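The values are calculated or read from the model by the stated rules, or taken from the named source; none is laboratory data. In this text, all values refer to a predicted model and were calculated from it rather than measured experimentally. Using ideal geometry, Cβ is built from the backbone for each residue, glycine included, and neighbour counts are taken over all protein chains shown.
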Amino acid sequence: MANEGFNGTTFSFGGNLTPLVDCRMNESAAKVRITGSADSRHLYIAGLPDEEMTCTVIGVSTVAVGDTGTITITWFDGQTDTITNCECFGNNRGGALDGELTSQLTFAPSQADS
């Protein structure tokens, strides 16, 4: 029997509980060049991590760009992950023929008060 490990997972931001369609956490870093003037090729190190979370939820979300708060993801097995001090940087709404309306929300860490 296949593990249906995402079905039933929910997303909460600012107290609004919404079923998740998908969720992605991206962590990347800028390349910082450390090459000296006498070097024959460029050398790099990783800069500070840049984190971003994108969640697609069912329905038209009321989360607005600039809203701050805490994200709680409750996984199908009852486990939770919480990310504090997040700010919404994107709310893309849409749908397809014979499909559900969805909102794709993009969040990143913020120093703003929640």
Would you check which residues across the range 40-82 are part of a loop (DSSP other than H, G, I, E, B), under 12 Å from Leu105 (Cβ atoms) and not hydrophobic (A, V, I, L, M, F, W, C) and list them?
Gly59, Ser61, Thr62, Asp67
Applying the selection to the range 16-39, what residues are free of Cβ contacts under 8 Å to residues at least 40 places away in the same chain and either part of a loop (DSSP other than H, G, I, E, B) or among the hydroxyl-bearing types (Ser, Thr, Tyr) (or both)?
Ser28, Ile34, Thr35, Gly36, Ser37, Ala38, Asp39
Which numbered condition in (1) under 15 Å from Thr18 (Cβ atoms); (2) part of a strand (DSSP E or B); (3) modelled with pLDDT of 90 or more is the only one that Glu87 fails?
(1)
Select from the range 95-111 the residues that are closer than 20 Å to Gly66 by Cα and at pLDDT 90 or above and write down the one among them that is farthest from the chain's Cα centre (by Cα).
Thr102
